[in-house]
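Chemist: Structure provided below as structure tokens; questions to follow.
The values are calculated or read from the model by the stated rules, or taken from the named source; none is laboratory data. Nothing here was measured: the structure is a model prediction, and the numbers come from that model. Here Cβ is always computed from backbone atoms with ideal geometry, including for glycine, and neighbour counts include all displayed protein chains.
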Amino acid sequence: MPSAERSSEGPSRRALWVLACLVLLVHALLLLGVTNPLQVHTAAAPQTPVVQVRVVPAAPVVRPAPRPVVPRAAPAPAVPPVSIPESPEQSPAEPDGVAEAQTPLAQASEASSTAVAESLSASAPASVPAVEAGTTLPLISLGALPPSRVLSYQLTGMDKGLTYHASGELRWQHNDTAYELTLSVRAFLIGSRQWRSVGQIDATGLAPRRFSDSWRHERAAHFDREQQRVVFSSNSTPAPLQPGAQDQVSLYVQLAAAMAGEPERFTPGTRLQVQTATVRDAVPWSLVLQDTERMTLDGQSLQVSRWVCQPRNQYEARVEFWAAAEQSWLPVRIRITQASGSYIDLLWRGTEPLPALPVGTDTTGRHRAS
């Protein structure tokens, strides 16, 4: 039978192939020296080295020996201070108004009120013989007074290195017997300041009755002609009233009238001495007339005469003003220079006529004409 014959032949070829492969695998393992193929070899953990620590005992602390106590010596008796006599020479005191001159408008007032001169030899031309310093203003006729008008100015100033600008005007009104005169300065964000003079007109020209300075508050000088003195609202010592005395703004018009009345008298080198009142004092101002010069203002070429007031000491200001015949000898420029170098400079920029001062106007200035 066929099935019996196949079983008697022995194992199949497939079984023989499997057996042969196993034999070859065993021989290969023996040749490679692998005894246990399933074992995982791990690196041995490193041994921790033994560190020997040697304890060194700290050095003993050596305390310094106590300092011997030295008995304190008894204090020496106090020596009384030696009094040194003061030197009879004292430093000159600053003039009044130095603290007030911290603002530009205050500077204008203090410069004007302290511009008094005694020695003007350095300003007078050497080639022209000057009239004696004691010469006073001549008598002034009514017709020589400038007509009523208002002069406008452009102001440029410098204070503590800063330049500023403002506007100003000189308002002049009069009739046959009385006058009003105001010099005012206005600056943006600062306000205005004015110097005002009121009084009568007589054979000597202007005869001031009251001069005032309005800035923050008003201060004034009163010309008491009955008692022949000048009295100040600041309680300064009254000053004797001299003939022909003026205040610091009426002086401009008085000089203008004098130059219009006798122009031949006012040659370069002419010197005048006029008692001039401020709100603090009334002392002689010495003025000297310089050479004529030409100046262009408001587009016009003008021939002008320059007056100079030199300061009396190192603290006072230098005052200069230029007068032109075309403006009835009223000032077309006013410059005031402080000892510190600060200055204000007013330049004329136009003129407008004004009506005459109404008759009966109060010469104390309480009534102001429109």
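Chemist: May I ask you to list the residues in the range 257-301 that are over 32 Å from the mean Cα position of the chain (by Cα), in a loop (DSSP other than H, G, I, E, B) and either hydrophobic (A, V, I, L, M, F, W, C) or closer than 14 Å to ALA325 by Cβ (or both)?
Modeler: GLU262, PHE266, listed by residue number.
Chemist: More than 20 Å from THR278 (Cβ to Cβ) and either assigned to a strand (DSSP E or B) or touching a Cys at 6+ places or on another chain (Cβ under 8 Å) (or both): which single residue out of LEU151, LEU181, LEU206 fits that description?
Modeler: From the options LEU151, LEU181, LEU206, the qualifying one is LEU151.
Chemist: Continuing with the same structure: Output the number of the condition that ILE190 fails; it satisfies all remaining conditions of (1) among the hydrophobic types (A, V, I, L, M, F, W, C); (2) at pLDDT 95 or above; (3) farther than 15 Å from ARG280 by Cα; (4) in contact with a helix residue (DSSP H, G or I) (Cβ under 9 Å, 6 or more places away or on another chain).
Modeler: Here ILE190 meets the rest and fails (2).
Chemist: Another question about this same structure. If we scan the range 205-212, do we find a residue that is modelled with pLDDT under 95 and crowded, with 16+ Cβ neighbours inside 10 Å?
Modeler: Yes, the conditions are met somewhere in the range 205-212.
Chemist: Do the conditions hold for GLN273, that is, is it without any contact (Cβ under 8 Å) to a residue 60 or more places away in the chain, of a type outside the set (Gly, Ala, Ser) and farther than 25 Å from GLU169 by Cα?
Modeler: no
Chemist: Then there is this: If you scan the range 314-325, which residues turn out to be surrounded by fewer than 20 Cβ atoms within 10 Å (Cβ to Cβ) and either within 20 Å of GLY161 (Cα to Cα) or at pLDDT below 95 (or both)?
Modeler: GLN314, TYR315, ARG318
Yes/no per residue for (1) touching a Gly at 6+ places or on another chain (Cβ under 8 Å); (2) over 22 Å from ALA317 (Cα atoms); (3) surrounded by 12 or more Cβ atoms within 10 Å (Cβ to Cβ):
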{"site": "ALA221", "(1), (2), (3)": "no, no, yes"}
{"site": "ASP224", "(1), (2), (3)": "no, yes, yes"}
{"site": "THR237", "(1), (2), (3)": "no, yes, no"}
{"site": "PRO240", "(1), (2), (3)": "no, yes, no"}
{"site": "ALA245", "(1), (2), (3)": "no, no, yes"}
{"site": "VAL249", "(1), (2), (3)": "no, no, yes"}
{"site": "GLN254", "(1), (2), (3)": "yes, no, yes"}
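Chemist: Quick one: which of LEU142, LEU155 is surrounded by fewer than 17 Cβ atoms within 10 Å (Cβ to Cβ), among the aliphatic types (A, V, I, L, M) and on the phi < 0 side of the Ramachandran plot?
Modeler: Checking each option against the conditions leaves just LEU142.
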